[in-house]
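This report refers to the structure that appears directly beneath it.
Bear in mind that the values in this text are calculations on the coordinates, not laboratory data. All figures in this text were calculated on a predicted structure; none of them were measured in a lab. Every residue, glycine among them, receives a Cβ derived from its backbone with ideal geometry; neighbour counts consider all protein chains shown.
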């Protein structure tokens, strides 16, 4: 190294530089999203067990529940064929009408065939 280079190194001064304060943006707390509930297990549909025909009345009420006080879904006319399933009770058949509507009808007005 030459003398002039040594002199230059010695004359180097370190100058303090002010660094501006950097503001770090606030990060919001992470939120945990509530996941939707898993889908419900599929309902077991009643099994079609027999066929029937409406007899001994002009029309029979197809009801929402196996009860005489239950809502009437539709009236099935005499001579109409229906599908019977295993959802009935002692007094009512579980019935699916030709229209596709399912409900309950009194057993006394349906002849099984």
- Item | Residues 68, 106, 84 arranged by fewest to most Cβ contacts within 10 Å | 68, 106, 84
- Gain in span if fully extended, residue 50 to residue 71, counting 0.36 nm per residue against the direct Cα distance: 5.1 nm
- Task: Please report the Cα spread of the stretch 65-113 along all three principal axes, rounded to whole Å, starting with the longest.
- Result: 24, 20, 17
- Task: Please report the Cα spread of the chain along all three principal axes, rounded to whole Å, starting with the longest.
- Result: 128, 31, 23
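Pull out the extension gain between residue 90 and residue 111, defined as 0.36 nm times the separation in residues minus the alpha carbon to alpha carbon distance; nm, one decimal.
In short, 6.1 nm is gained.
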- Task: Treat the count of other C-beta atoms within 10 Å as a stand-in for reagent exposure and order 93, 113 from fewest to most.
- Result: 113, 93
